[in-house]
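I have placed the structure first, in the form of structure tokens, so that the comments after it can refer back to it.
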Amino acid sequence: MKTRNHLKGFTLIELLIVVAIIAILAAIAVPNFLEAQTRAKASRAKNDLRTCATALEAYRVDHTQYPPTPFTTPDVLQVFPTRLSTPIAYLTSSQLPDVFIDKNIKQFQGLNANGNIATYGPDPMYPLDPEGYDPIAGRRYYYQSLNDPRRSTGTGNTLRRRSVYQGAWEMSSLGPNKLRDTVAIPGTSPTVVVPLPYDPTNGTVSAGDIARSQANTEARLFN
């Protein structure tokens, strides 16, 4: 009686077919995973902004006004002020960073109006203002008080025009395209510019900020 001592293995063609199938499945799965990751970040940003709005209202109850926009040099750093997390924790520090901002952005850095990284530092006119000293200052959610008493006359007038549409404050996340996107409200003169709301139906990674304001709680374009 004859026996077969050799082991039966896969042929080269069979191995190539298996590798091709795995590659096809990976090509299908990876984009879906990235889409799901973007949708999860967008949901996180919306929830964070809702929490930040609650913190702003709590701060207003205690101080009879909303916190001003942080002052730093060389320009205003329009991010959530640290006074919302210290000394009274209306928010925890972990709730302030924008989930769409690169974690490698260092201290005193933020995105300017053109979407480029700009370096900021403490404002010499307000040496005791703690905003610029936050190690993650450049990574916080965008925030601007539209009734800030420390503004110049011209800028103050512009903010007051915006406050007609946005209320006392506006805030936003950069959104999936990681740029600051704005839109002009039709029929306004002088032109009023507000954050362009992100719409996932335009594509998961599309233009627009995940925005919220006192007047537009659902982040509509304008009332």
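Any read-out appearing in this document is the output of simple, stated calculations on the displayed coordinates, not a laboratory observation. Just so you know, these numbers come straight off a predicted model, no measurement behind them. Note: ideal-geometry Cβ built from the backbone for every residue, glycine included; neighbour counts use all protein chains shown.
Computed values, structure above
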| quantity | calculated |
| --- | --- |
| Förster-model FRET efficiency, 45 Å R0, VAL164 and ALA26, C-beta, rounded to 0.05 | 0.30 |
| Stretchable slack from THR182 to ARG39, in nm (0.36 nm times residue separation minus alpha-carbon distance) | 49.4 nm |
| Distance between modelled label sites at VAL19 and LYS103, nm, 7 Å Cα→Cβ extension | 3.4 |
